[in-house]
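Asker: Attaching a single structure in structure tokens format; questions to follow.
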Amino acid sequence: MSAIISIVVPTYNEKENPRRVYEALSAAFNSHDFELIFVDDSKDKESIAILNGIQEEFEEVRVLHRENEKGLGTAVVRGFEMAQGDMIAVMDADLQHPPELLVEMVEQMKLGYDIVIPSRFVPGGDDGGLSPFRKFVSWTARVMGQFALKRVRAVSDPTSGFFLVKRKVIEGIELRPIGWKILIEVLVRGNYATVIEVPYAFQPRIAGSSNMSMKEQWNYIKHLVRLISDSPEDRRMYLFALVGVSGVLINLLIYAMFVHLHMAIWLAGFTSGTIAMISNFYFNDRLTWNDSRQGFWLNRFIKYVLTSLIGIAINTVILSALVYGVHFHYLFANIIGICVAMVWNFIVNNFWTWNMEKKKIEVTISLGNSENKNLETSKG
């Protein structure tokens, strides 16, 4: 059977829900158009027997039982490996993700989009199927992911467990999820240029119980840390800030040492600042942009110094304007100036000193019969 869409559904002690999922998909698709892959970690013998029965009854159903591996994220990865379709969907077995929406998702993908994400948070969407506590947990997870990871910021529902991808998005990519948020893994590591979000209403669970736990929340945090660590475009800003802090400490240490040795204040300040700038360049060159060093190091150093000097000027202008213009406290004014200068330094060094190519990912929001809204987020 050559399906146009493979649908991966992780299961854990679901009992009645898998048959309901199959029946809903059969009503939406012709049998030759889809294959349904259940990746099952159940310990309940009744659930396992039900899945085996469905597999024997319907040729479009495949079941993988796992004994020595568990977790929703890794279950989806195993499903990806089994999938035969050119389009691969992921959805939960609890019917909180409406299977009939997959038909519209397939039609959107045929228009040329690489990833289709049903979203609760675009016009026409609704997350009413969640309790107030679950809504708070979901909101917190989304905000954390959007803050930490650049490639998911324009996506309104990056922690959804319901999405459709073209096979090429994940082909040749090593996916290393921790816990339950597989979409955020695909968004950060995948090869794609276009995403569309379609509105959907999150449904109440029909049967069974939620598998969410404090352990899964902790796994999500560990997952974000891993993604930041593995993604140069996401860890750059954190490393840049860390190098900046090290430069401040070096500056203060050398400045105090030279003053103690009775060097003139202005000379001690100039010397310590210069040494700190050289130190910052070295560590940024070796750590922050270690994947993009091109040409002779002196060219990068000259650009870095020019950028830093303009950053100092920006800091001085902002500091002076806030202190003398609106009477800010001099320490708060300096902190604001430093923050603005740091953003300047990072952006210019990223795209000039280390020549990082700016690439675009287009995110479209489907507004039904209205004109779609296009957003763009850059990577690099």
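Asker: Below 14 Å, Cα to Cα, which aspartates and glutamates can K135 reach? Residues fewer than 8 away in the same chain don't count.
Answerer: Filter leaves D126, D127, D157.
Asker: Could you please state, rounded to a whole Å, how far the C-alpha centre of segment 1-54 is from the C-alpha centre of segment 285-349?
Answerer: 55
Asker: Under a crude label model (7 Å from the Cα following the beta-carbon direction), how far is I312 from L331 in nanometres?
Answerer: 2.4
Asker: Please give, to one decimal in nm, the separation of the simple spin-label points placed at K70 and Q84, each 7 Å out from Cα toward the Cβ.
Answerer: Inter-label distance under the simple model: 3.1 nm.
Asker: Something else: For the pairs K15/K70; K110/K215; K45/K70; K15/K181, flag any whose C-alpha to C-alpha distance is greater than 28 Å.
Answerer: Details: K15/K70 18 Å; K110/K215 38 Å; K45/K70 16 Å; K15/K181 23 Å.
Too far apart for the 28 Å limit: K110/K215.
Asker: Hey, what number do you get for the chain at 222 nm if only DSSP H runs of n ≥ 4 count, each worth -39500 (n - 2.57), divided across all residues, to the nearest 500?
Answerer: Working: 12 runs with 183 residues, N = 380.
It lands at -16000 deg cm²/dmol.
Asker: When the dipole is taken about the Cα centre of the chain, and only Lys, Arg (+1) and Asp, Glu (-1) are charged at their Cβ, what size is it in debye, to the nearest 20? Display every interim value, and only then the final one.
Answerer: Values: 38 positive and 40 negative charges, 383 e Å.
Around 1840 debye, computed over the chain.
Asker: Please work out whether segment 27-95 counts as rounded, prolate or oblate from its C-alpha gyration tensor, where a ≥ b ≥ c are the square roots of the eigenvalues and a/c under 1.5 means rounded, while otherwise a/b larger than b/c means prolate and anything else oblate? Each step should come with its number before you reach the end.
Answerer: Details: a/c = 1.89, a/b = 1.24, b/c = 1.52.
Oblate shape, in that a/c is at least 1.5 and b/c is the bigger or equal ratio.
Asker: Round to the nearest 10 and give me the degree value, 0 to 90, for the angle of helix 297-320's Cα axis relative to the longest principal axis of the chain.
Answerer: 80
Asker: With label points built 7 Å along Cα→Cβ from the Cα atoms of R293 and L267, find their separation and express it in nm.
Answerer: Rounded to a tenth, the inter-label distance reads 3.3 nm.
Asker: Still on this structure, I have one more. Let's test the formula: R0 of 41 Å, r as the Cβ-Cβ distance of A49 and V103. What FRET efficiency results, to the nearest 0.05? Before the final figure, lay out the partial values.
Answerer: Numbers: r = 31 Å, r/R0 = 0.75.
Result of the calculation: an efficiency of 0.85.
Asker: In percent, what relative contact order does segment 6-79 have, based on Cα pairs under 8 Å that are 6 or more apart in sequence? Write down the numbers at each step before the final one.
Answerer: On the way: 102 pairs, mean separation 29.7, N = 74.
Averaging sequence separation for qualifying contacts and normalising by length gives 40 percent for segment 6-79.
Asker: Now for a separate question. Would you mind calculating the gained length between Y282 and A24 on full extension (0.36 nm times residue separation, minus the Cα-Cα distance), in nm to one decimal?
Answerer: Numbers: separation 258, 0.36 × 258 = 92.88 nm, distance 5.89 nm.
Working it through step by step, the gained length comes to 87.0 nm.
Asker: Can you give the FRET efficiency to the nearest 0.05 for R176 and L252, using r as the Cβ-Cβ distance and R₀ = 51 Å?
Answerer: Details: r = 40 Å, r/R0 = 0.77.
Computed FRET efficiency for R176 and L252 comes out at 0.80.
Asker: Hey, can you grab everything whose amide H is under 5 Å from the amide H of H65? Only 5+ residues off in sequence or another chain; H modelled, so Pro and N-termini drop out.
Answerer: D40
Asker: Nearest 10 degrees is fine. How inclined is helix 72-82 to the longest principal axis of the chain, computing both from alpha carbons?
Answerer: 70
Asker: I'd like to check one number: the per residue accessible area of segment 227-335, probe 1.4 Å, reported in Å² as a whole number. Intermediate values should be presented prior to the final figure.
Answerer: Working: 6730 Å² over 109 residues.
Ligands and nucleic acids excluded, the figure is 62 Å² per residue.
Asker: Ok, one more. If I take every Cα pair under 8 Å that is 6 or more residues apart in the chain, average their sequence separation and divide by the length, what percent do I get for the relative contact order?
Answerer: Numbers: 611 pairs, mean separation 59.2, N = 380.
It rounds to 16 percent for the chain.
Asker: Pick from D157, D40, D127: which is most flexible by mean-square fluctuation in a GNM of the chain where alpha carbon atoms under 10 Å apart are linked?
Answerer: D127
Asker: What does the extension gain come out to for N355 and R226, with contour length at 0.36 nm per residue minus their alpha carbon separation?
Answerer: Computed gain between N355 and R226 is 43.9 nm.
Asker: Using Cα pairs closer than 8 Å and at least 6 residues apart in sequence, work out the relative contact order for segment 295-358, in percent. Present the calculation step by step, with values, prior to reporting the outcome.
Answerer: Values: 45 pairs, mean separation 25.6, N = 64.
Across segment 295-358, relative contact order equals 40 percent.
Asker: Scan segment 229-313 for trypsin sites (Lys or Arg not before Pro) in coil per DSSP, keeping those whose Cβ has at most 16 other Cβ atoms within 10 Å, and list them by number.
Answerer: Working: sites: R235, R236, R286, R293, R300, K303; in loops: R293.
When the trypsin sites (Lys or Arg not before Pro) of segment 229-313 are filtered for loop state and at most 16 Cβ neighbours within 10 Å, R293 remain.
Asker: Tell me the carbon and sulfur percent of the accessible area for the chain, rounded to whole percent, probe radius 1.4 Å. Spell out each step's value before the answer.
Answerer: Details: 11550 of 18840 Å².
Carbon with sulfur: 61 percent of the solvent-accessible area.
Asker: Another question, then. Counting only DSSP beta bridges with both residues in the chain, what percent are antiparallel, rounded to the nearest 5? Don't jump to the answer; show the numbers that get you there.
Answerer: On the way: 13 of 39 bridges.
So the antiparallel bridges amount to about 35 percent of the total.
Asker: Going from the alpha-carbon gyration tensor of segment 189-335, what semi-axes, largest first and in whole Å, does one get by taking the root of 5 times each eigenvalue? Could you put the intermediate results ahead of the total?
Answerer: Values: eigenvalues 383, 99, 65 Å².
They are 44, 22, 18 Å, listed largest first.
Asker: So what J values fall out for segment 174-190 if you push phi through Karplus, 6.51 cos²θ - 1.76 cosθ + 1.60 with θ = phi - 60°, rounded to Hz, Gly and Pro as x?
Answerer: Couplings: 7, 8, 10, x, 10, x, 10, 9, 6, 4, 5, 5, 5, 5, 7, 9, x Hz.
Asker: Between 0 and 90 degrees, rounded to the nearest ten: what's the tilt of helix 101-110 against the longest Cα principal axis of the chain?
Answerer: 60
The values are calculated or read from the model by the stated rules, or taken from the named source; none is laboratory data. Here the structure is a predicted model, which means the values were calculated and not measured. Please note: Cβ atoms are built from the backbone with ideal geometry, for glycine as well, and neighbour counts cover all protein chains shown. Heavy atoms of the whole protein, side chains included, go into the accessibility calculation; ligands, DNA and RNA do not. Shrake-Rupley method; radii C 1.70, N 1.55, O 1.52, S 1.80 Å.
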